[in-house]
Amino acid sequence: MSSCCGAPEPVKQPNCCGDEPAKKSRPDVLLWSTLILVTIGYALDLFAEDFVQTWPSLASLTAAIRQLMDSMWIGLALGMFFVGVLGRVPREFVTSLLGKGDSFFGILRATFAGVLLDLCSHGILLVAMRLYQRGASLGQVMAFLIASPWNSLSLTVILIALIGWQWTLLFIACSMIIGVASGLIFNWLEARGTLPTNPNTIELQNFKFWQQAKEGIQATSFSMNWLSSMLVEGVKDSRMIVRWLLLGVLLASAIRTFVPIDSFQTYFGATLAGLGMTLIVATILEICSEGSTPIAADLV
């Protein structure tokens, strides 16, 4: 794969977050089946709303699918774009920016990157996958993943309006603390051998970031072909995550449709059991951070 900052990279080793195989013996059944079902549900609500109203459950299901996809598509598109961009950035630059993956400051840098990057939980999965392929340690990836969906420019503005800037600052601080702690835990598990280390990690020797970046940018011919190929690569490399996001949309839509509101009021009350059930459902429910913010504000 060609990059904007240097020569083509060597062939990558397979890993737990690796690229799709170059040649597939069979089609991706999960991806295509979920994509077809989501597309049908979205199209029915968009073009045949009067028709599906004959079946209330179907109308509710298709409406939920459309609502979720309307809230997700921007994050997914941005995630695919950044996956394509990171695919053109040599791993030396990623390692230089994030620092050593097994160090505290490396975890802290990854946490700050997650806080500053304005992507929802759906798009950030795609970027985290690419960071792993570019040599970030598992601890850095987890710190980045955990810190990022809590924070975005839009979410911060919404939170300040709903709960005030004091609670918003506390919210951001807590997200960073949890991100750093989680990253350190995963690094510890790697050091113990409980979890495998990232085979894409490299050691930098006398690497000068700004000099190398300047030379790489000057050597790159930016054109429409370059941009289009980057976008295509971003879409292709995102398939592994997109299939599960689409499955999550279908499951969340089914929960919204077939689980009565009375059941939520009964099982999610202000008790310890209700708190546990709330955590379980909040973990499963496919709602981005911006979408869940008003709900959380109402609870406060």
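The values are calculated or read from the model by the stated rules, or taken from the named source; none is laboratory data. On a predicted model such as this, the values are computed, not experimentally measured, just so you know. All Cβ positions, even for glycine, are placed from backbone atoms using ideal geometry, and neighbour counts span all protein chains on display.
Things to note:
- Pair list, Cβ under 7 Å, 6 or more apart: the stretch 70-90 residue assigned to a helix (DSSP H, G or I) and among the β-branched types (V, I, T), other residue surrounded by 19 or more Cβ atoms within 10 Å (Cβ to Cβ) and at pLDDT below 80: V83/L126; V83/V127; V83/R130; V83/D237; V83/S238
- Breaking point among (1) touching an Asp or Glu at 6+ places or on another chain (Cβ under 8 Å); (2) at pLDDT 85 or above, for M129: (2)
- Residues of the stretch 65-80 classified as surrounded by fewer than 19 Cβ atoms within 10 Å (Cβ to Cβ) and closer than 20 Å to M230 by Cβ, total: 3
- In the stretch 141-186, residue surrounded by the most Cβ atoms within 10 Å (Cβ to Cβ) [restricted to those that are in contact with a helix residue (DSSP H, G or I) (Cβ under 9 Å, 6 or more places away or on another chain), among the polar types (S, T, N, Q) and modelled with pLDDT under 90]: S148
- Restricted to the stretch 29-59, and to residues there that are surrounded by fewer than 16 Cβ atoms within 10 Å (Cβ to Cβ) and touching a Lys or Arg at 6+ places or on another chain (Cβ under 7 Å), the residue that is modelled with the highest pLDDT is L46.
- Only residues that are among the aromatic types (F, W, Y) and surrounded by 19 or more Cβ atoms within 10 Å (Cβ to Cβ) were counted across the stretch 82-114, and they come to 2.
- Residues of the stretch 197-224 that turn out to be modelled with pLDDT of 75 or more and aromatic (F, W, Y), as a count: 1
- Candidates in the stretch 34-61 are the residues that are in contact (Cβ under 8 Å) with a residue 24 or more places away in the chain and in contact with a Leu (Cβ under 7 Å, 6 or more places away or on another chain); of these, the one that is farthest from L231 (Cα to Cα) is G41.
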